[in-house]
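**Q** Just passing along the structure, written as structure tokens.
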Amino acid sequence: MKNRLFGVGRLFAFLFAFALLSFVSCRDYKTPLSRGIIRSNWGSVGGKIIYLFTLKNSSGSEVSISNYGSTITRWLTQDKQGLKSSIVLGFDSLSGYLSKPPYFGATIGRYGNRIAKGEFKIGERTYHLAKNNGPNSLHGGLRGFDKVVWDPSPINDSLPSLTLNYGSKDGEEGYPGNLLVSVTFTLTEENEFRIEYSAHSDQTTPVNLTNHSYFNLSGDPSRNILGERLWIDANYYTPVDSTLIPTGKIDPVKDTPFDFTKPEQIGARIGEVPGGYDHNFVLNRKDSLLQLVARLSDSVSGRFLEVYTTEPGLQFYSGNFLDGRIKTSEGKPIGQHAALCLETQHFPDSPNEPGFPSSLLNPGDAYHTVTVYKAALAK
Ligand code: BGC
């Protein structure tokens with residue numbers, strides 16, 4: 001009898017332990033971390049845990065970010081009928097990102113955009129980078145910041161906010177200096193999604209951090225972005241050669257297809273731009289304060305998106321190389337111009353262009369830039 005009771009007791013103890021474990025692992029699977037932020041386990045890469053963090057506000061907006069590549073995977077907003085869909089391209093699971101899509105939503109570094117011939121000089125020394133884009137180096141090289149695992153910082157903010165950190169070693173991808181980088185993402189009640197980049201280095205190095213979200217305000221990547229309208233506060237742009245390296249000239253946009261100084265339909269003159277838009281716009285600005293620099297709008301969904309930045313340039317890329325080979329998580333092909341990027345940044349190839357604003361970070365100096373994407377509905 002005693003033995004039976006002991007057996008029943010053990011069974012209960014076992015069931016209790018099992019229930020407790022399931023509860024704990026369930027909680028770990030979707031853990032509310034602080035006000036408006038939830039963490040889910042998304043898998044692992046190289047033995048490191050990959051999370052998906054979701055920031056929510058009470059205005060119905062929701063942004064998900066993974067610490068794999070410090071990547072924005074989804075931004076849910078309402079359209080004019082109150083229906084929610086994501087205004088950025090992304091996947092529902094980590095496997096989509098491991099198959100190396102062209103930088104969907106990722107944080108780009110150490111140097112966003114192209115460096116000619118994968119080379120630059122600091123003082124007398126020439127540095128060599130991987131040529132991963134024809135003759136040039138693009139978006140940080142073979143394993144840029146979009147393909148590494150970032151470490152999340154503890155979260156204790158009153159707004160839904162997340163900081164991801166990465167330590168890039170001296171010599172990584174050919175760049176000099178140990179660089180410590182932090183990116184803080186914050187979602188406000190006004191549907192502003194703020195991205196704040198900070199970095200320090202122990203040697204002089206070029207740094208150009210940006211985010212590579214592909215926007216389609218319709219929320220439906222099977223509708224291309226050629227009918228969306230764009231305004232860019234730029235009277236000048238940097239023309240490029242056939243490998244998309246700036247020629248060094250700064251040309252006026254007036255009377256060219258690059259004139260977005262008044263809202264213009266993207267498809268209106270894209271046919272006159274060989275290959276489509278993939279150009280850096282020289283933003284009209286007097287200082288480096290946070291300033292409204294671009295507005296994208298879509299009359300069908302009623303959504304618009306404003307871009308504010310402290311950066312001198314904006315790369316407008318009209319998704320020219322998307323060709324339907326990559327599919328959404330629902331299996332829909334992502335075709336040419338299915339989405340566009342508005343990458344706030346220093347100008348491409350700045351390390352080789354003394355006439356462009358310098359992208360060099362010196363030891364002891366702080367790199368700090370801010371970009372805000374604000375989603376809204378037309379009144
Ligand atoms: C570049 C494009 C490139 C795309 C994806 C953009 O930032 O300007 O030329 O194809 O990134 O790699």
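Every number here is computed from the coordinates shown, using simple stated rules; none is lab data. All figures in this text were calculated on a predicted structure; none of them were measured in a lab. Using ideal geometry, Cβ is built from the backbone for each residue, glycine included, and neighbour counts are taken over all protein chains shown.
**Q** Could you give me the percent of Cα pairs per 5 Å distance bin for the stretch 88-247, shortest bin first, beginning at zero and ending with the bin that holds the maximum distance?
**A** Values per bin, smallest distances first: 2, 7, 13, 17, 19, 17, 13, 7, 3, 1, 0.
**Q** Right, here's the next one. Please determine, in degrees from 0 to 90 and to the nearest 10, the orientation of helix 2-29 with respect to the longest principal axis defined by the Cα atoms of the chain, where the helix direction is its Cα long axis.
**A** 10
**Q** Would you mind pulling out the separation of the Cα centroids of the stretch 111-153 and the stretch 233-264, in Å?
**A** 24
**Q** Would any residue of the stretch 337-379 have its amide N under 19 Å from a label point 7 Å out along Cα→Cβ of L292? List them or say none.
**A** Residues passing the 19 Å test: 342-344, 370-379.
**Q** Another question, then. Rounded to the nearest 20 debye, what is the charge dipole size of the chain about its Cα centre when +1 sits on each Lys and Arg Cβ and -1 on each Asp and Glu Cβ?
**A** On the way: 38 positive and 37 negative charges, 325 e Å.
It comes to approximately 1560 debye.
**Q** If the cut-off is 25 Å between C-alpha atoms, which lysines fall inside it for K48, apart from same-chain ones fewer than 8 positions away?
**A** K30, K100, K147, K169
**Q** Let me ask something additional. Which residue, chosen from S168, N235, L296, occupies the Cα position most advanced towards the positive end of the dipole of the chain, where the dipole is computed from +1 (Lys, Arg) and -1 (Asp, Glu) charges on Cβ about the Cα centre?
**A** Of the candidates, S168 comes out farthest on the positive side.
**Q** If you don't mind, there's one more thing I want to ask. Using modelled amide H (1.01 Å from N, peptide plane; none on Pro or chain starts), what sits under 5 Å from the amide H of G335, excluding residues fewer than 5 places away?
**A** Excluding prolines and chain starts, which carry no amide H, the hits are G324.
**Q** Additional query: Quote to one decimal, in nm, the extra length available between E119 and L377 on full extension: 0.36 nm per residue of separation minus the C-alpha distance between them.
**A** Details: separation 258, 0.36 × 258 = 92.88 nm, distance 4.42 nm.
The span from E119 to L377 would gain 88.5 nm if fully extended.
**Q** Compare the Cα positions of H128, S95, V181 along the charge dipole of the stretch 60-215 (+1 at Cβ of Lys, Arg; -1 at Cβ of Asp, Glu; about the Cα centre) and return the one farthest towards the positive end.
**A** My answer, from the dipole projection, is H128.
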